[in-house]
1. Taking 7 Å along the Cα-to-C-beta vector as the label spot, tell me the His194-Phe129 distance in nanometres, rounded to one decimal.
2. Could you tell me whether the chain comes out rounded, prolate or oblate from its Cα gyration tensor? Rule is a ≥ b ≥ c as square roots of the eigenvalues, rounded for a/c under 1.5, then prolate if a/b exceeds b/c, otherwise oblate.
3. Would you work out the relative contact order for the chain, in percent, from Cα pairs under 8 angstrom that are 6 or more residues apart?
4. Do any trypsin sites (Lys or Arg not before Pro) in segment 250-339 lie in a DSSP loop with no more than 14 other beta carbon atoms within 10 Å, and if so, which?
5. Along the principal axes of its C-alpha atoms, what lengths does segment 223-264 span, in descending order and rounded to whole Å?
6. Using a 10 Å cut-off around each Cβ, can you sort Ser274, Ser58 from fewest to most neighbouring Cβ atoms?
7. Can you list residues whose amide H is under 5 Å from Leu157's amide H, if they're 5+ apart or on another chain and H is modeled 1.01 Å from N?
8. Modelling each spin label as a point 7 Å along the Cα-to-Cβ direction, I'd like the Asn136/Leu95 distance in nm, to one decimal.
Amino acid sequence: MATDNPVQSDTVLTEYEKKCISEPLEKITAERFDEWYQNREYRQNIRDGKPYFNGPSSVPPLGRHSPSKLLQCHRKIYYRQENAPQEQDDAEGILWTGRRIEEDVILPFLQDVVGTDQTYVRNSMWIDFNVEVEDNELRIKGVTDPVLVDGESNPLLPTEVKTTSSIEYKDSPDRRHRAQLHAYIAGLSAEHGHDLTKGVLIYVSRETFDVKIFRVEFDSEFWNETVLLWAKMHTEYRLDDELPPAQPEADWECEYCSYRERCGKGDTQYADMSPIGLLQNVESYPRNKVREYLDAHDGATLTPTLAEKFPDLADKYGVQLWECPNCLKSFKREEIPGELGPDRRPLCPHCVQSETLTELRLSAGADRGV
């Protein structure tokens, strides 16, 4: 006869045994995992001598550019550089897989198969060089992927390793990846006093470990008229403190962008927002990104929506009040009747009593852009 319990046993667990099971079960939660992972990364950065990774990102100088950000959407990069709060988490799993493939597969391949008695492989090399474009001095700073070097560690052949879900239709290297590799070639040439002319782009499938490899010749026209002009234009946006247009370099950028709502490509009424401020009624902000934003901006506080989602952060950082521009009264979120829809602000409950419909606004602090 069938029973609800697939395991039949006459053994009765003792109270101690029940406790040994119940306590671990209480600890195996998504919240505990998130906290453990963040603390693990924090400690690892200290062990690696990179404690600066544990705090909010610094705003880079106006003329400085990272090779990995070249030829991407100007507005997206502008938001990132100005520490705008991200509306979704980083793809940590993809980034971790990419690092592991590079370090555990591609690097050993280069060392075992490509390296010789006269050539060796370095994990990475820093580049930090200046280039002048039409009276604008640009600085390009970053770190390469593995580089083939000689016995004195002089660079011979830089590589760029990219992981992707599939390489089936990859017939040529992406423009932005070519730009990144061109930055490596130009930077290593400038810093080590001899001209490199070639690099290698290696695409690896995360699904199958199949690879496609493209040899890239340094193209002066592409470098000067495409890459450096992009960098010059981006520098001018920042010098003028101008929000760049919402014109992505590639169609897919908007779909995966961390600033969709702020930019105007999302599902809310927001568009063309400044990089400052958490957007009211936007609930998609991940906890760690909210905390990063609050730490990066002195005096910033949570929106009422996020205060309900992260009450412990509200206790630490505070919550914005709703203010009425008509009667000048302030209200806490719990004092506002009804649900707040994503496309409207609440009405002042005091003014409503006198039959005056006045929309509340958030107090100055965390949401100056709204």
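1. Placing both labels 7 Å along Cα→Cβ, they lie 1.4 nm apart.
2. Oblate.
3. Computed over the chain, the figure is 16 percent.
4. Filter output for segment 250-339: Lys332.
5. Largest to smallest, the principal-axis extents are 31, 23, 12 Å.
6. Placing the least packed residue first, the sequence is Ser58, Ser274.
7. Leu148
8. Modelled inter-label distance: 2.7 nm.
Values quoted throughout were computed directly from the atomic coordinates according to the rules given, and no laboratory measurement underlies them. Since the structure is predicted, the reported quantities are computational estimates derived from the model, not experimental observations. Every residue, glycine among them, receives a Cβ derived from its backbone with ideal geometry; neighbour counts consider all protein chains shown.
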